[in-house]
Amino acid sequence: MNSTYWSWDTFLDALPFVLQGLGYTVGLTIASYLFALLFGFVWTFLRRLPNKVFHFVVTWIMEFIRSTPPLVQLFFIYYAWPMIPGIGVTLSPFTSAVIGLGIHFSTYIGEIYRSGIESVDKGQWEASRALNFTTIDKWKKVILPQALPPTIPMLGNYFIIMFKEVPLASIIGVAGIMLMANSYGAQNWAYLEPLTIVGIIFLLLSYPSAVLIRKLEIKMNTRFDKNATIKGN
Amino acid sequence: MTEPIVKFQDVHKSFGDTQVLKGINLDINSAEKVAVIGPSGSGKTTIIRMLMTLEEPTSGDIIVGGTNLWKMEKKGQMVRANEKHLREIRGDIGMVFQHFNLFPHMTILENCMTAPIHVKKEAKEEVRDRSIQMLDRVGLGDKLNNYPSQLSGGQKQRVAMARALVMRPKIMLFDEVTSALDPELVGEVLEVIRDIAKNDDMAMVLVTHEMDFALDIADKVLFLDEGVIAEQGTASQVIEHSTNERLQEFLHRFRK
Amino acid sequence: MITINAIIEIVPQLSRGLGITISVLLASAVFAYLMAFIAGLCRLSKNIFIRKFTGFYVEVFRGTSLIVQLFWLFYAVPMLFGIELGSNWWIGVIAIGLNYGAYLSEVVRGSILSVAKGQTEAATALNMSSFQRMRLIIFPQAVRMMLPEFGNYTIQILKGTSLVSLIGMNDILYHGDIIRSSNLSQAPLVYFLVLVFYFIIALPLIWLTRKGESISKKGVAS
């Protein structure tokens, strides 16, 4: 098998093997994405608390998480977390990856929520106050219904971005397509074909999704433009 | 009488299925001041944009200084003009835009100096002197190192005029230069145009909604309606003595 | 205190990886910027083949993961073409540069397209050639618009450099892994310090990105 050239036999042999990992890859993407969507709310909420010092601290924690490598963060959660006295627990590779990737990307998602909330017209806040809404009603009935829809295309983009970060989890042992390709390579000393398969799978899944989101974005934009003209009348 | 500096010969222009100009014939003599008036959508702006080579006519000829603007001779045949041909003629034409279009990353002095230096390859010192002189003339000699974002709309438009004048064009085009301005800033811009019209001997084409102003400075007024020149003549002929009904209606709306 | 002693012990060991991390960061950033401008301009070319070809490059590299590309180059290039790319350092730089170059080329393209149409018209009215229009008017404004995104992607590139530890480069993370494997209980401190190292390198980039944001707000026609 120690071929220096491309082999279709190897390709066909590796294909079912690599595909075994697809479930984990997609599953991890969805799980860590949902985690990020939820945790994003936590950041947005924390940053809205009135205490200035607190706001500063939260902002810099987010900055810290966002500007350091997710790979190191995965190592931290998988290898280091269990070693912390008192609070340490051993987590499976999959759970570690959900938390690690989820938290990393929640800092971006939190920013998206924030931009959505800030894009709600000031008059809407004033109107909710004038109508004497409770805080919960104000958020549930006025602010969020307006703040969230414009963020949908951006949130969709992050789904694709996270999908492409998921193979990092192969390094801590999540058996997605990346790990399958690497182990096929190690067993047969043929990396080219399985890695190419991984590339093709990513391309096949992410490119159409990206096109779909671009379309959604255009659709959303026109929808909100229409609203704007209605407002203008 | 000498040959007109600009000739339009049966010029048509369509955007997609919409016919904007349906056969324009027009002579502009050197140093002549021409005002183009008419309802919006009548194709006024398209006329000067074609002359500035920003828009290509669908058919017909535009002759500038004896040379066909949009066509050139190649192996004995008239073919579509290339960029080089356009650039040769374009050098004689300057334009001021409705929305100023100043270069935001340059000071106003740099806005004036860039083209003479890079396009006409003139000496920097000479261009600087001339630019300062021109900015002085439009009343902005004290703002040389300001950026466009620091100026009012009227000031921006005056810079735009200085920028065009520094290139010493033989023909100056003004595309509704006051319609993006607050009413109180219109006067200062019109003053500058009046000054240019009186003291410079270039041909001027003004697309404008300022009727009184047009009457005051124009040698010739064109009334454009539904893609054709419906009326033309001296200012007083067109504005005060025309019998064209559509023109009367149009003027009535503008001069309450 | 034990922790302070441990920090004093760990920091110098991690510092040994600084050279690799920073050199990979700088080289792949420069390479990515270069690819960004080349590909971004090619995608605006009038020639359809150039456009399609660069479009293919951009979609392939944006559509797959950096880690996949890195491993592919690491294992596949020598196998497929029978050539050695010289060293793993180069493989890392090329993979990161090509990947982020593809993302940044979209920034370059988008910025150039978003310079107001009136700017081109004004430049045409001043009889500039198409090259002069690009060089003197469009490009300087587009570059200002690009600055914040270039800053953001440079931070992404820094994060991406941690992957070179996986192809055997002795960067900060690699040294962290070495210390951990010799003393498992130190893992929390080691990886925390590794993160701090990356964050300290990121700080000037964060500052530059904010600077870029304020510059980009000025001096652009809207």
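The values are calculated or read from the model by the stated rules, or taken from the named source; none is laboratory data. Just so it is clear, the structure is predicted and the values come from calculations on it, not from any experiment. Don't worry about glycine lacking a Cβ; one is built from the backbone with ideal geometry, like all the others, and counts go over all protein chains shown.
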Checking the condition under 30 Å from C:Gln186 (Cβ atoms) and not acidic (Asp, Glu), which residue from A:Gln73, A:Gln20 passes? A:Gln73
Which strands (runs of 3 or more DSSP E) does the range B:3-94 wholly contain that include 1 or more residues that are within 14 Å of another protein chain (Cβ to nearest Cβ) and under 19 Å from the mean Cα position of the chain (by Cα)? B:59-64
For residues that are within 11 Å of chain C (Cβ to nearest Cβ) and in contact with a Phe, Trp or Tyr (Cβ under 7 Å, 6 or more places away or on another chain), tally how many sit in the range A:83-106. 1
Can you confirm whether the range B:111-124 contains a residue that is of a type in the set (D, E, K, R), part of a helix (DSSP H, G or I) and farther than 15 Å from C:Gln119 by Cβ? yes
For the range A:55-66, give me the residue count where each residue is at pLDDT 95 or above and hydroxyl-bearing (Ser, Thr, Tyr). 0
Quick one: which helices (runs of 4 or more DSSP H) sit completely within the range B:145-250 and have at least 1 residues that are closer than 23 Å to C:Gln119 by Cα? B:153-166, B:183-199
Kindly establish whether C:Gly176 is part of a helix (DSSP H, G or I), among the small types (Gly, Ala, Ser) and over 25 Å from C:Thr3 (Cα atoms). no
Residue list for the range B:208-224, filter: surrounded by fewer than 19 Cβ atoms within 10 Å (Cβ to Cβ) and within 10 Å of B:Ile37 (Cα to Cα): B:His209, B:Met211
Please determine whether any residue of the range B:79-89 is in contact (Cβ under 8 Å) with a residue 40 or more places away in the chain and surrounded by 15 or more Cβ atoms within 10 Å (Cβ to Cβ). no
Does A:Phe75 qualify as being aromatic (Phe, Trp, Tyr), under 27 Å from C:Gly160 (Cβ atoms) and facing another protein chain (nearest Cβ under 10 Å)? yes
When residues of the range A:178-229 are limited to those that are within 21 Å of the chain's Cα centre (by Cα) and hydroxyl-bearing (Ser, Thr, Tyr), the one modelled with the highest pLDDT: A:Ser206
Residue under question is C:Phe71, and the condition is that it be assigned to a helix (DSSP H, G or I), within 18 Å of the chain's Cα centre (by Cα) and either within 14 Å of chain A (Cβ to nearest Cβ) or in contact (Cβ under 8 Å) with a residue 40 or more places away in the chain (or both); does it hold? yes
Selected residue (criterion: surrounded by the most Cβ atoms within 10 Å (Cβ to Cβ)) from residues of the range A:124-164 that are of a type in the set (Gly, Ala, Ser) and under 30 Å from the mean Cα position of the chain (by Cα): A:Ala147
